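As structure tokens, the structure follows; a few thoughts come after it.
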Amino acid sequence: MIADALRRKAAIEAERSGYIAAQRAIVDGLGDDEALTDEQRGQVAALTAQKRTATERIDAIDAEISSLRAEQADDERLTRGAQERHEQQPVPAARVTSEPETYRKGGQNSFFRDLYNAQVRGKTEAFERLERHNQERAISTTDGAGGEFVPPLWMVNDYIALARAGRVLANQLEPHDLPAGTDSISIPTVATGTATAAQATQNSALQETDLTTSSVTAQVETIGGVQTVSVQLIEQSPVNIDDIVIADLATDLAVKIDTFAISNNATNKVGLLNVSGLNAVTYTDASPTVQELLPKIIAGSVAIGRNRKLPAEKVFMTPEMWGWIIASQDTQGRPLVVPTGFGASNAQGIAEGAVAEGLAGYITSLSLPVYIDGNLPTNLGAGTNEHHTLVARTSDIHLYESAPKAEAFRETAAKNLGVVFRLYEYVAIHAGRYPKSIAKIAGTGTIVPAL
């Protein structure tokens, strides 16, 4: 009964999140000086009413859950009292202050093994552990068609931790929960604005220029993978297969989401490198130098400031490009980029030390942080050897993601005595909301010389 109420609550909470996301999308689509239109105000009011109704339904379910739990506690007290009356010598009841989670890293229970045992073999104890785990998470996404259960909390935590190492650029974009029940996210935009002018003479007509609107759409993409595991490995292995399968799938999922945000090039699914109308900065040189490259990065920042009317926020480049920059020296043999803490007098950049991915340093003249991302391509340009650098106002670029979902199936691999495990999530990106929020430095000057 309680589990059923929790499922209903989770579904309504997902609806409410969708209403909130839809409201945010309307507001985010406005320019700095724009006000809501009558139609938009009506949409916001309708969404507010739907959100209020969802909240009231959630409150009602919370009251129902509290009542059920009270009844359950009463039953337990009655049972405990009957047992105590039959005991000759009462034993003080032990007080449980904490209980370990059903599926925890290093624990004896396996999430995938229980998925298999519950769905395929119908084992009651496995299903009970999965149900207990759903209650621990306070949500449930049970799917009658696929038998989907909420992945363990440690799996989600590992997913986030691994993703930060493998999806640097994606983690710097403006994050949003992907609304449920849609395959695209559209935001209205102002195509051409109004205008003002000095009045020619008193009582003469003022300038009137009609405002025109358009919209940008982000199509929802599904990214995921499967792994077929033998029944013998699930049933007989002394280790939990979750640790190996989930970690590997989640790591690759993180890489693919980052690559999607960087270089995808499909209609309404465009990554930063392929946004139409971005600020293009060309650096052409058969013998490139860091002294020439850094002004190009500055030029990209200036272009964003001029065309977007707001400052750039971050720089993204390949590990090889940053390695070339920090290895470069002036004519006196002094590094152009110095490590943090070693003094930055006249330095063109500051390095954070030895960094594999993530925040690596700063362009001192701009105070812009530099992030290195191993998923940025190194095979661009006519010679397929250019390392394009991105300068971006990342708060203008919206990345929508669902929670990762784990499932188990036996039908497709039954004749081989196997079980298919699946991990996937939905993602969408609005990289082109403001094309001028992105600057790309490209050309033969971005071919990194051998160190």
note = With Rh as the Kirkwood radius over Cα pairs, segment 381-451 has Rg/Rh of 1.27
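Hey, can you find the accessible area per residue of segment 353-435 for me, probe 1.4 Å, expressed in square angstrom?
Counting only protein heavy atoms, the per-residue value for segment 353-435 is 37 Å².
Taking R0 as 51 Å, what FRET efficiency do you get between Gln219 and Arg334 from their Cβ-Cβ distance, rounded to the nearest 0.05?
Working: r = 50 Å, r/R0 = 0.98.
E(calc), rounded to 0.05, equals 0.55.
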message = What are the ³J(HN,Hα) couplings of segment 201-208, residue after residue, when phi is run through the Karplus curve with 6.51, -1.76, 1.60 and θ = phi - 60°? Round to Hz, x for glycine and proline.
response = 8, 4, 6, 8, 5, 7, 4, 9
ask   = In nanometres, what is the gap between the two model label sites at Ala198 and Glu357, each 7 Å from Cα along Cα-to-Cβ?
value = 5.8
request  = Using Cα centres only, tell me the gap between segment 176-255 and segment 278-342 in whole Å.
outcome  = 29
request  = Express in nm, to one decimal, how much length is gained between Glu101 and Gln50 on full extension, taking 0.36 nm for each residue of separation and deducting their alpha carbon distance.
outcome  = 14.8 nm
note = The set of residues whose placed amide H lies less than 5 Å from the amide H of Thr189, leaving out same-chain residues fewer than 5 positions away, is Ser214, Ser215, Val216
ask   = Using the eigenvalues of the Cα gyration tensor, what equivalent ellipsoid semi-axes result for segment 171-285 when each is taken as the square root of five times the eigenvalue, whole Å, largest first?
value = 52, 19, 11
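Before I look further, what does segment 172-297 give for accessible area per residue, probe 1.4 Å, in whole square angstrom? Don't jump to the answer; show the numbers that get you there.
Working: 6900 Å² over 126 residues.
Averaged over the residues of segment 172-297, the accessible area is 55 Å².
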remark   = For segment 162-239, listing GluC sites (Glu not before Pro) in a DSSP loop whose Cβ sees at most 11 other Cβ atoms within 10 Å gives Glu208
request  = Summarise the accessible area of segment 197-312 (1.4 Å probe, protein heavy atoms) by the percent that is carbon and sulfur.
outcome  = 50
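Once the piece of chain linking Ser17 and Asp177 is laid out straight, how much longer is it, given 0.36 nm per residue of separation minus the C-alpha distance between them?
Working: separation 160, 0.36 × 160 = 57.60 nm, distance 0.79 nm.
That pair, Ser17 and Asp177, stretches by 56.8 nm at full extension.
The values are calculated or read from the model by the stated rules, or taken from the named source; none is laboratory data. Here the structure is a predicted model, which means the values were calculated and not measured. Here the Cβ is made from the backbone with ideal geometry for all residues, glycine too, and neighbour counts use every protein chain on show. The area values use the complete protein model at the heavy-atom level, side chains included, leaving out ligands, DNA and RNA. Shrake-Rupley method; radii C 1.70, N 1.55, O 1.52, S 1.80 Å.
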